1. Would you mind finding the one in ASP72, ASP57, ASP32, ASP48 that is surrounded by fewer than 20 Cβ atoms within 10 Å (Cβ to Cβ), within 14 Å of the ligand (Cβ to nearest atom) and at pLDDT 95 or above?
2. Of the residues that make up segment 238-245, is at least one of a type in the set (S, T, N, Q) and surrounded by 15 or more Cβ atoms within 10 Å (Cβ to Cβ)?
3. For residues in segment 172-219 being of a type in the set (S, T, N, Q) and more than 12 Å from the chain's Cα centre (by Cα), which is surrounded by the most Cβ atoms within 10 Å (Cβ to Cβ)?
4. Could you grab me the full set of residues in segment 42-67 that are in contact with a helix residue (DSSP H, G or I) (Cβ under 9 Å, 6 or more places away or on another chain) and in contact (Cβ under 8 Å) with a residue 40 or more places away in the chain?
5. Which condition breaks for SER5 when tested against (1) closer than 30 Å to GLU162 by Cα; (2) more than 13 Å from the ligand (Cβ to nearest atom); (3) open to solvent by 40 Å² or more (accessible area, probe 1.4 Å); (4) hydroxyl-bearing (Ser, Thr, Tyr)?
6. Mind counting the residues in segment 137-183 that are touching a residue at least 60 places away in the same chain (Cβ under 8 Å) and assigned to a helix (DSSP H, G or I)?
Amino acid sequence: MLTSSYRGRFAPSPTGPLHFGSLVCALASYLDARAHGGLWVIRIEDIDSLRDIPGADQEILQTLARFGMVSDEPVLYQSKRSALYEKALGELQQKGLIYGCACSRRDIAAAQQRLGLAAHVYPGTCRSGTHGRPARALRLRVENAIQGFTDRRCGWFAENLERDAGDFIVRRADGLWAYQLAVVVDDAAQGITDVVRGADLLDNTPRQIYVQRMLGLPVPRYLHIALAVDGGGVKLSKQTGAPAVSTEDPAAVLRAAALHLGLGEIGAKTPQAFYAAAQEIWAEKYGL
Ligand code: GLU
């Protein structure tokens, strides 16, 4: 039963089956929603047609259901939401914040080297025009200012947007929407109050808050959980070939995920019993 206005979400990209690391993220967002007496939805972030794998969405949804995690509202697919992203882009364009960028990866790498910038920071080459070269991607102009936020686990985290991120892409050269724009538009459209996700996205958050600010959208609370790593300390991900999580004994996998989240040993034999116990421990550890 819902007892609060809390709205949380799990937003997997369908680029492969659910692995242990993504199950831990799903569980964290689910437990946080349940501990708050709130709502939890699943959003399939299928905006990257080059990386998405047909059928992976269904596989992910079925696996989550085996673990007792079912979206409280119809599952939303980002591939069907272009009109919303287009509208947001229009608003940013009207504010004069968008410009076309003609740089290739090689151009950017060369400029970064010349200017001593980190590998992910756009050097601003096309800020004042492409000098006759055809524009490829669309970038959002950022400000030379600190954008910070207080993460529920990691505390204060801040970046100087211009120095640490640079003007970032909102629509890619291949015409696909960028994650940073789509995630912000959908978190707002779905009324998400709390984002719980992996710490690999911590340093994306200042950029997302900037987009929220520029679009006049509310800023949700954020909680970034420690990532699951393999024996060698490498983040479990679809890219590094992490195996699909086994659904043979869901309660056992949930107990392992809870250990990873620092919730200790939870002696539950079924997912139902697990959730009943885990919710309370979650609330004690991560607060409400
Ligand atoms: N779709 C992203 C991923 O699978 C997560 C987005 C988010 O939680 O903000 O890595």
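1. ASP48
2. no
3. Filtering segment 172-219 for residues that are of a type in the set (S, T, N, Q) and more than 12 Å from the chain's Cα centre (by Cα), the one surrounded by the most Cβ atoms within 10 Å (Cβ to Cβ) comes out as THR193.
4. Across segment 42-67, the qualifying residues are ARG43, GLU45, ILE47, ASP48, SER49, ILE60, THR63, LEU64, ARG66, PHE67.
5. Just one mismatch for SER5, condition (1).
6. 4
The values are calculated or read from the model by the stated rules, or taken from the named source; none is laboratory data. In this text the structure is predicted, and so the values were computed from the model without any measurement. Neighbour counts run over all protein chains shown; Cβ positions are idealised from the backbone, glycine included. Note: areas computed on protein heavy atoms with side chains; ligands, DNA, RNA excluded. Shrake-Rupley method; radii C 1.70, N 1.55, O 1.52, S 1.80 Å.
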